[in-house]
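Read through the structure below, which is laid out as structure tokens, and then see the notes.
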Amino acid sequence: MSRRARVSPAEAGLPDGGARRRTPGLRREEVAVLAGVGVSWYQWLEQGRDITVSPQVLDSVARVLRLSPAERRHLYVLAALNPPAPVTAPEDRDMCAGLRRMIDAWMPFPAQIMDIYWNTILYNDAAAVVFGMRPGTSQNCLRNFFTDPLYRTRLGQWSALAPKVVAQFRSACSESPEDEGFRVVVEDLKALSPDFTELWERQDVRPGGQNRKELEHPLVGALVLEATQLKVPARPDLVIVLHTPLAEEDTAGKLEWLASPEGRRGAMYPVAV
């Protein structure tokens with residue numbers, strides 16, 4: 001009822017009814033007609049009765065009531081249906097400046113922002129120094145994991161971590177089974193990496209969360225990090241990856257040195273690996 005009240009007849013393409021309207025917004029029968037459903041059925045829907053509801057009808061109602069992506073998902077939940085994939089609302093599309101400030105504030109520890117296909121769209125200076133992120137190379141984290149010699153050489157426990165990484169990517173794929181973008185990444189990697197192909201065929205699924213990363217950096221030696229994936233509800237198309245130094249190997253101290261003027265000068269002339 002509250003969503004009906006905020007949509008005027010004019011916005012819905014109907015005459016406003018003038019003084020005959022006792023309340024603003026759309027009437028139940030008007031929503032029903034515009035959504036292509038019966039008036040009684042729509043009344044039962046508003047009353048929360050135990051009726052059969054299809055995604056197509058809910059989408060029609062959501063369109064008429066001009067529901068936001070979050071409200072549309074909530075409508076599905078109220079109707080006990082699997083909600084549609086999250087969609088970024090137009091007003092939230094310019095959040096990247098704030099996310100850039102956040103990962104820059106994470107310095108001197110590595111941080112990056114990925115899209116749903118694990119393409120890195122933003123990263124801070126520490127991520128560039130530690131993981132070798134650099135212009136002219138693929139910025140897809142999964143592809144780099146399997147095909148970038150620099151990254152693979154630095155990651156000490158690559159073989160142990162690889163099955164977890166692939167299982168987490170398959171889990172991400174399962175959230176959007178019809179998305180062509182995931183298929184492109186998978187087919188690309190199948191053509192490039194037998195290791196990926198073997199692990200993908202296992203069909204293991206693992207939720208994204210935390211991974212322990214042990215790296216051998218050419219300037220400071222061993223680093224031990226904990227990578228944590230975070231999601232922003234307003235930007236379901238993005239994933240934040242924050243790397244926290246663990247107590248081993250004085251990782252925090254080494255990262256602070258790499259971010260210092262002396263460390264930055266050393267990183268300009270990296271030791272070959």
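Tabulated data
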| item | result |
| --- | --- |
| Glu216-Asn119 FRET efficiency (beta carbon distance; Förster radius 25 Å; 0.05 resolution) | 0.45 |
| The chain: most fluctuating residue of Val57, Val186, Val224 per GNM, C-alpha cutoff 10 Å | Val57 |
| Cα gyration tensor of the chain - equivalent ellipsoid semi-axes, whole Å, descending | 50, 22, 14 |
| Whole-percent carbon and sulfur share, accessible surface of the chain, 1.4 Å | 55 |
| Charge dipole of the chain about the Cα centre (unit charges at C-beta), most positive-ward option of Ile240, Gly98, Ser193 | Gly98 |
| Cα-centre dipole for region 114-273 with unit charges at Cβ (Lys and Arg positive, Asp and Glu negative), debye to 20 | 180 |
| Stokes-Einstein D (µm²/s) once Rh is taken as the Kirkwood radius of region 156-273 over alpha-carbon pairs, at 37 °C in 0.692 mPa s | 198 |
| Ratio of Rg to Rh over region 158-200 (Cα coordinates, Kirkwood Rh, two decimals) | 0.97 |
| Virtual spin-label span in nm between Glu256 and Arg63, 7 Å along Cα→Cβ | 5.9 |
| Selection from Pro55, Ile113, Tyr123, by position along the positive dipole direction of the chain (Cβ) | Pro55 |
| Distance (nanometres) between label positions extended 7 Å along Cα→Cβ at Met107 and Glu175 | 2.9 |
| Selection of GluC sites (Glu not before Pro), region 124-226, meeting DSSP coil and at most 12 other Cβ within 10 Å | Glu175, Glu178, Glu201 |
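The values are calculated or read from the model by the stated rules, or taken from the named source; none is laboratory data. Every value quoted in this text rests on a predicted model; they were computed, and no experiment measured them. Here Cβ is always computed from backbone atoms with ideal geometry, including for glycine, and neighbour counts include all displayed protein chains. Surface accessibility is based on the protein's heavy atoms, side chains included, excluding ligands, DNA and RNA. Shrake-Rupley method; radii C 1.70, N 1.55, O 1.52, S 1.80 Å.
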